[in-house]
Amino acid sequence: MSRPQILAGFKVVEYGDFVSAPYAAKLLGDLGAEVIKVEPPEGDSARRHGPFPRDIPHPERSGLFLYFNTSKLGITLNLETATGRWLLDRLVERVDVFIHNVPPARTCDLGLDYGRLSAVNPRLVVVAISPYGQDGPYRDYRAYDINTQAAGGLSLGIGDPNREPLKLPLTQSGFQAGLVGALGALCALFSREATGRGQFIDVAEADVWATIHTGVGVVAWLFGGRLRQRSGRRLIGQPYPHGVFRCKDGYVALQCAERRQWEQFLKMVGEPEWGRDPKYRDRLKNQEEYAEELDALLAPWLMAHTREEIFRRCQEYRLAGAPLKEVDEVLAEPQLRERGFFYELEHPEAGRLTYPGLPFRFSQTGASSPARAPLLGEHNERIYISWLGLSRAELTQLRQAGVL
């Protein structure tokens, strides 16, 4: 028996581009909401970004776009026109959530400021995602992942201490802000059940990094006087071992925070003589001063074992350890396969592709069966005629006038 979907009956409109807003709306759609993606006539820029099958660019075959826009209906609308903004208002009147990632300086020009939208629909929940938020001294700054990760404090701890700071790969700021935007929308919908009023959710990518991911650094400084620093493949401020290590067929991550774990770790690697050396009694000092020495002492054992062997031994000794895997290995991971995390969808242009599922599950409600991403303007007739009551002749006129 299928479980009820948590957002069944809710309607969402997304005017998003590239990653953050599309990902937030996708998560709500995968939880059962009906999501309408509004694209400008030229389409979301992710359509031109790729990756593409066989590296041949095509606006309907971008892997990035196809993933971020499952479980959505797709329409086109030119908000640079007065008629386009009027049509958006008619959509906003009928939905529960509106999500966008338009730069703050452009929201009023496109009719997306909260005051105006809430006047159209007082029960509307608006989620606005931007690099630095809707107000403050940096609101109008353009930013990329490297900027927001640095501003949020994340890059302070990534990279070799003798080189420039690094950032997490690809577009992680968009992923993280999109997830927070979706969670903010859920909280606002719960609140609306009690108050009857909508809310404005202002998500700043830099703030997401600073609160969710690097806020613990503030606590470390307040209570321990420890400043975060770049330390390469290991984490300073934690007992040795805490980092990534080379083994026979790749790399493993190992962590022994507790003394009991350290004792078990020494048993796992054969109770070596160096494990009893008083020099290595202080494991915080080991991590900061003697890590290279201990790595060299540990290397023979690591290089004699594969990632899978080390992982199984860590389970046996109840230690925190895991293999680092390539993408094809993740696709074949038995646990993810057993849980049905990956699924396949057929697309008329891109063919049959494998997609990752939701990053979380609820205990008493289900998720929807994801539908493929829409073609550009695929649902114009369905939304503008069935939802808004326009005629086919009016739809043709709007296309000719550049509104759709």
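The values are calculated or read from the model by the stated rules, or taken from the named source; none is laboratory data. The model shown is predicted, which means the values in this text are computed figures rather than measured ones. Every residue, glycine as well, gets a Cβ built from its backbone with ideal geometry; the counts of neighbours run over all protein chains shown. These accessible areas exclude ligands, DNA and RNA; they are computed on the full protein's heavy atoms, side chains included. Shrake-Rupley method; radii C 1.70, N 1.55, O 1.52, S 1.80 Å.
Has the stretch 56-69 got at least one residue that is more than 22 Å from ALA128 (Cβ to Cβ) and open to solvent by less than 10 Å² (accessible area, probe 1.4 Å)?
yes
Could you list all residues from the stretch 373-397 that are open to solvent by less than 60 Å² (accessible area, probe 1.4 Å) and either in contact (Cβ under 8 Å) with a residue 60 or more places away in the chain or closer than 13 Å to GLU39 by Cα (or both)?
Hits for the stretch 373-397 are ALA373, PRO374, LEU375, GLY377, HIS379, ASN380, ILE383, TYR384, TRP387, LEU388.
Taking the stretch 216-238 as the region of interest, how many residues are loosely packed, with under 13 Cβ neighbours inside 10 Å and either touching a Cys at 6+ places or on another chain (Cβ under 7 Å) or closer than 17 Å to ALA150 by Cβ (or both)?
Residues meeting the conditions: 2.
List the helices (runs of 4 or more DSSP H) that sit entirely inside the stretch 63-171 and contain at least 1 residues that are more than 17 Å from the chain's Cα centre (by Cα).
The helices (runs of 4 or more DSSP H) meeting that bar are 82-92, 104-107, 114-120, 145-151.
Quick one: count up the residues across the stretch 191-219 that are closer than 17 Å to ILE158 by Cα and of a type in the set (Gly, Ala, Ser).
Qualifying residue count, the stretch 191-219: 4.
Could you tell me whether the stretch 34-54 includes any residue that is touching a Phe, Trp or Tyr at 6+ places or on another chain (Cβ under 8 Å) and surrounded by fewer than 18 Cβ atoms within 10 Å (Cβ to Cβ)?
Checked against the condition, which is being touching a Phe, Trp or Tyr at 6+ places or on another chain (Cβ under 8 Å) and surrounded by fewer than 18 Cβ atoms within 10 Å (Cβ to Cβ), the stretch 34-54 yields at least one hit.
Enumerate the pairs (first residue in the stretch 143-166 and in contact (Cβ under 8 Å) with a residue 60 or more places away in the chain; second residue anywhere and buried (at least 18 other Cβ atoms within 10 Å of the Cβ) and among the hydrophobic types (A, V, I, L, M, F, W, C)) with beta-carbon separation below 6 Å, excluding pairs fewer than 6 apart on the same chain, so at least 6 apart or on different chains.
Listed pairs, sorted by first residue: THR148/ALA206; GLN149/TRP209; GLY152/ALA206; GLY152/TRP209; GLY152/ALA210; GLY153/ALA210; LEU154/TRP209.
Can you tell me which residue within the stretch 3-27, out of those that are within 19 Å of the chain's Cα centre (by Cα) and open to solvent by 30 Å² or more (accessible area, probe 1.4 Å), is farthest from ARG123 (Cα to Cα)?
PHE18
Please enumerate the residues belonging to the stretch 77-109 that are in contact with a strand residue (DSSP E or B) (Cβ under 9 Å, 6 or more places away or on another chain), farther than 20 Å from GLY181 by Cα and open to solvent by 10 Å² or more (accessible area, probe 1.4 Å).
Within the stretch 77-109, just ARG94 meets the criteria.
What helices (runs of 4 or more DSSP H) completely inside the stretch 302-404 contain at least 2 residues that are of a type in the set (A, V, I, L, M) and out of contact with any Pro (no Cβ under 9 Å at 6 or more places or on another chain)?
The helices (runs of 4 or more DSSP H) meeting that bar are 327-331, 392-400.
In the stretch 66-86, what residues are touching a Phe, Trp or Tyr at 6+ places or on another chain (Cβ under 9 Å) and farther than 14 Å from ALA401 by Cα?
Hits for the stretch 66-86 are LEU66, TYR67, PHE68, THR70, ILE75.
Scan ARG339, ARG361, ARG352 and give me the residue that is within 18 Å of the chain's Cα centre (by Cα), farther than 21 Å from PRO22 by Cβ and free of Cβ contacts under 8 Å to residues at least 40 places away in the same chain.
On inspection, the qualifying residue turns out to be ARG361.
Need pairs with beta-carbon distance below 8 Å; first residue in contact (Cβ under 8 Å) with a residue 60 or more places away in the chain and within the stretch 122-139, second of a type in the set (S, T, N, Q) and assigned to a loop (DSSP other than H, G, I, E, B); sequence gap 6+ or separate chains.
Within 8 Å, the pairs are VAL125/GLN199; VAL126/GLN199; ALA128/ASN101; ALA128/GLN134; ILE129/ASN101; SER130/ASN101.
Select from the stretch 111-134 the residues that are in contact with a strand residue (DSSP E or B) (Cβ under 8 Å, 6 or more places away or on another chain) and either open to solvent by 10 Å² or more (accessible area, probe 1.4 Å) or of a type in the set (Val, Ile, Thr) (or both) and list them in ascending order.
Within the stretch 111-134, TYR114, SER118, VAL125, VAL126, VAL127, ILE129, PRO131, TYR132, GLN134 meet the criteria.
If I filter the stretch 313-345 down to residues being exposed (fewer than 13 other Cβ atoms within 10 Å of the Cβ) and among the basic types (Lys, Arg), which single residue comes out as farthest from LEU358 (Cα to Cα)?
ARG318
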